[in-house]
Structure formats: structure tokens, C-alpha cells
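The values are calculated or read from the model by the stated rules, or taken from the named source; none is laboratory data. These numbers come from a predicted model, not from an experiment. Note: ideal-geometry Cβ built from the backbone for every residue, glycine included; neighbour counts use all protein chains shown. The protein model used for the area step is the full one, side chains on, heavy atoms only, and it has no ligands, DNA or RNA in it. Shrake-Rupley method; radii C 1.70, N 1.55, O 1.52, S 1.80 Å.
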Amino acid sequence: MAKEEIERGNWTGKLDFILSCIGYAVGLGNVWRFPYLCYRNGGGAFLVPYAIMLVIAGIPLFFFELSFGQFASEGPVTVWKVSPFFMGIGWAMCLISAMVSIYYNVIIMYSIYYMFVSFVSIDTTLPWQTCTNIWNTENCRIKPYPKLSELNERNKTMELIGLNDKSCLNKSVDDVNSLFGTSLTSYMEFNSTMLESNVTKQCEIKFRTASEEFWTRQVLQLQETPDGLYDIGDVSIRNLICLLFAWIFIFFCLMKGVKSSGKVVYFTATFPYIVLLLLLIRGVTLEGYYDGILFYIIPKWEEISKPKVWGDAATQIFYSLGVAFGGLLTMASYNKFKNNTLRDALLVSLINCSTSVFAGFAIFSLLGHMAFITNRLVEEVADSGPGLAFVAYPEGIAKLAEPWPPIVAFLFFFMIFTLGLDSQFAMMETVISGLSDVFPYYLRKHKTLFTFVACMIGFLLGIPQVCKGGIYVLTLMDWYSGSYNLMIVSLCELVAVCYVYGVNNFRRDIEMMLGGFPKVFWVYWYVTWCFITPVAIVFIVIMSGITYAPAYYTKYEGVYTFPDFAEGLGWLMVVSPLALIVGGMIVQSIRYGGVAKALKAQPDWGPASDEDRTGRYSPRGEPDFSKDEPAGATNMGYVGEKGRPYVVNDKNGYDHRL
């Protein structure tokens, strides 16, 4: 009975795992960050460092984590039976995933709100299509900016007057008289040359699009929190309700573990591709699409000589594939022992990166049309993050011909919703499984209740982010919670497995699952795991440090720079997971009676199922040289105290050498 109570469960099919990995890796960053990085870092030329970083860091880490989790069928904490000294790495993964989950679900909440608004507007117009709403200001503008170069002098002058503050122009009459040697009595006597001079630049009205005012003044209500983080204002009830709905939805999808979430991903992992395809088809039928796509793909080869471009490529690969969060390790732990992790790693990595490139075409075709309509340059409408999803893209959608805007808006925000869900599933499952594996007799037995409690804690911790100044809290968490700490966690896990446990031992473990490979096959993995990937990670950390800038939030009034206490809280989020790693090393060294003993693999390390414990993990009291054991291996399996299997080398003890 006790065995049934602590059963972890498994995926019900191979496709459950594949789609879950695809959904986890293909997230919001593929749609709202990669295209922006691509155009900013040389267009099509950016694909060169991006592909190289995929090969030297992305794929090796992806295969590493899938194999590590699947071999032991353990979560991110208990998998460190391989070397208890490093158990803090697992706790660090859980903490990072928990922190990111808190603000990530707030982004999902925004997509839910936009979906609802789009749905109820299907028979009318979207609220960000007009400037007549109660939240709009006199600076809201929906008319395209005039093409001044195509106008005659009189019309050009009249248009420029309309783009400037008239009272300010009247005050500038004296300055213009002295500059141009004229004798003006009012702004009506200005000509286009005068209006375009530096003297009158201060009179230009800073117009805002209807979508920007809807986002900042209706959804966020930033106008009510002028003091930033010093006063984040009251809770927005509608956002609070949407956040509660988001967490309840997450709960119902995770309440039965991977058996329930594994079915949801059949829809959530595939639906975004349908929407992206529809948006691309619609986008290439709009005026101006060609300029947007050209802007996206035309290579600027001189850019790839800049170290920052390589740093951006490495960082995007790192975050996009989701390594070091613990999600890959957790999902793989529910696989069958013989599942082909190599195939899965290559397949998911390539699909993830291909999706990023494909999404760029869909995004920039619409941004090209938006630039055409507003008479602006593509780089002026291109953005990343929430600025693209909730301002630029809705603005572009609003310019489509009827009846497209509400329909396309609903589909787009539904896509954002599904993209966020898959990543949220994996991060929350990492936290839930990590704790359940440590306390199986208490938490696995009440998995549904524990999942509900975890989701409600996430909801409560997310409440500050649905206040009227909550976007500042969200930005701070997004900036710091998963940053340098992810790089260092991944570096620690490579060092722990490849240099302490031994890369040869890890190779034999993988061959127990996948079968033997020629020695030449392992050259790539040895070189990347032991040398190139760690160097790439150090490179990312160094580049991130060189290009580091304090957190800020860009809004209409200007750039909001976070105060010192907020920077302190941000760095606390960075160092907290790292403190768990160091603390874990200290605790485990004391617990096991020294560093040397804490570094050694535990007797119960190895495959979870007795039928998979062959070769050096055999539970039998005699050596078992199975076909999976490499020729010339000297490891033999024995049964130790209380019948638990352990592994020794016939001369020197357990093999910890490379």
C-alpha cells in the first residue's frame, strides 16, 4: 500500500512528452523576443551566431538534462543522489521556477483580459481602435501621420501646425524672428522650414496611439501611480479576477500531474502554429508587408563581429530552450527508461529554433503594414516583450479591414495564452514534483490538494503585480529572477556530473538507456559538456556583466529607473538560488560526515525500476555484465545493507574519473 502511495506516475504516451517539451521550449520569447533580437543584431546575419550557439550550448545542455532526469526518474532535488553535495542545485532550480511562475502567470492574465475584450467586441470595434473612450487623452491619435514629402508647401505647413502645440508656437515667435530674420505676429505665419527647425521642436505634441493608451491607462492604469514602486496603488479588481482564473486553470491542468497536463498540451502546443500560419497568410496580403519582412531578414554582416551580438544569441538560446529551470529534468523523469532522449533533444531543439524564425515572418509582415499605415519606419514600430504583445501588435491589428480586427485580436491573444500555459505547466510541475519527491509520503499522497495550495500561494504572491503600479513589480521580477543565476546553475550541474560523478560514468548511464554508440559519436558530447559549453556559459555571464544596465521601465512620460531598494530586491532574487547551492554544500557535507563522502554517489542512485538496474546497478549478489555494459568495464553490482544496491569498482571503489 505504501508503494502505491508514493508512485510518481508516467506519461501516458511518447507524444505527451514530446509535445510538453515543445510547448515548454516554444514560449513567449519565440514570438516577442527573437524577432526583435534578429532585427537589432544584423537581421539574417544573426542566424549565424544563433545557430552556432545552438550547437555548442543549446543542444548539449538539452540532451544532458533530458538524459539526467530520465535515467534516475527523479525530480530536480532528489536526482542529486548522484552527488548529494550538489543537492542545492535542485533547490535553486525549484526557487527560480517558482519566482518566474509568479510573474509569468500575470502575463498570461493580461492575455486573458485582452481575449475577453476582443471577444465581446466582435460585433463592434475594439476599444483600442478609437480615441473616444473615457481613458483616452487629447494626445491620442488614430490618424496616420501625413506623408509630408508628398504635400505642397501650404498643406505641409498646415499639417505641421496640427502636429505642434499652438500656445507653444506663439511663445516661440520671438525666437523664430531672431533666427530667420522675419517679423511674425502669430504661429499662423510660420512656414514648413520654420516648423521643422530646432527652435520649434520643443512644441511638438507627443501623440500616443490608441493601443498604447488602452494598455497604460486602462489595463495598467499607470496614471494613478505617479510615484512608481514607492506607491503601487490599489488592486485592479478586473485584473485580480483574471489572475485568479489563470491560476485555477493551471490547477485543473496539473491536478493529476503529467497525466492531465500531458493531454492539455495536445492543443496548447499545436494551436500557436495554426495562428502563426493564419497571421502570416493574412500579413503577406497587406500593404507594406514586404518592407517589414525585408527589414527582418536582410543580413548586415558587419554586425556579427560585435561581441554583444554573440552574447544576445547565446542568451536567447539559453532562455528559449529552458535549460537550468529544472523543467526539462522534471518532464524527462516521467519517461520510460528506454525512451530515446537523443532523438527528443534534437527534434525539440530544432523545432524551437525554427519556430522562432517562422514567427519572425508573421510578426514583421504585420509590423511592415503597421509602419506603412502610420507613415513610420519599421524600426520605429518594432518592439519586444509586452510592448510588442500588448501595444504594437494590437495597434497593427486595429488597422486591418473589417471584420478582421476583433477576430484576429482574439486569435492572437489566445495564442499568447496557449504559449504561456505550456511553459507555466513545466515550471509549476518542477516546483510541485521537486517538493513531492523530497516528501513523497506526505505530498504525493495528497497531490491534488498540494497542487491547489501551490497555485493559491502563487496567486497570492502575484497580487502586488495586479495593483495599478504592478507592472513595475513584474518588470523587476522579469529582469532579475531568471538571469545570471540560471547560467551559474547550469555551469554547476555540468561540473557536478562531468567532473565529480565522471563523464565516463554518465556516458555509461546513457548507453544503458539508448544502447551503445561508436566512440566517435561521444567526441562531440565530451568536448561540449566538459569544455565548450562551460566556456560558452562563462562567456554569457561575462557579456551580461559588461552590458549590464539597471532595471528600467519605458513609458510615455519617459524612462522610469528603479530606486536603489528595488535594485537591492532584484539582486536578492539573483543570489537567493545561488545561496541555496552554497548552503546545500555546507549542510550535505555536515550531514554525510565530510565533503568527500558527500561527493560520492549514494547506494540508491541509478534507475528507479529494479528491472532497469542492470550491469553495475544490478541488485543481484553477483556481477552482471549485460550487453549494455561497455567492453572492458570493471564495475560490478552488489547488494549492500538493507538490500539496497550499490556500485563499486573491483579495485579502487566507485569510478569518479573522467
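What the table shows:
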quantity	calculated
Asn152/Phe116 FRET efficiency (R0 51 Å; Cβ-Cβ; nearest 0.05)	0.60
Estimated FRET transfer efficiency (Lys206, Lys300; beta-carbon r; R0 25 Å; 0.05)	0.25
Segment Thr124-Leu460, length gained on full extension (0.36 nm per residue, minus Cα span)	117.4 nm
Using distinct alpha-carbon pairs, which all enter the 1/r mean, Kirkwood radius of the stretch 436-582 in Å	19.3
Prolate/oblate/rounded label for the stretch 308-348 (Cα gyration tensor, a/c 1.5)	oblate
Surface accessible to a 1.4 Å probe, Trp522 within the full protein complex, Å²	10
Gain upon complete extension [Phe358, Ile248; 0.36 nm per residue less C-alpha separation]	36.4 nm
With DNA, RNA and ligands ignored, accessible area of Arg33 (1.4 Å probe; Å², nearest 10)	80
31 Å Cα-Cα threshold exceeded, pairs from Lys81/Lys336; Lys308/Lys555; Lys338/Lys445	none
Kirkwood-type radius of the stretch 42-120, with distances r between different C-alpha atoms, in Å	16.2
Hz values of 3J(HN,Hα) by residue in the stretch 111-121 - Karplus curve (6.51, -1.76, 1.60), Gly and Pro given as x	5, 5, 5, 5, 4, 4, 4, 5, 5, 6, 9
Rg to Rh, two decimals, where the stretch 248-387 supplies the alpha carbon set and Rh follows Kirkwood	1.05
Förster radius 45 Å - calculated FRET efficiency between Thr132 and Tyr499 (Cβ-Cβ, nearest 0.05)	0.10
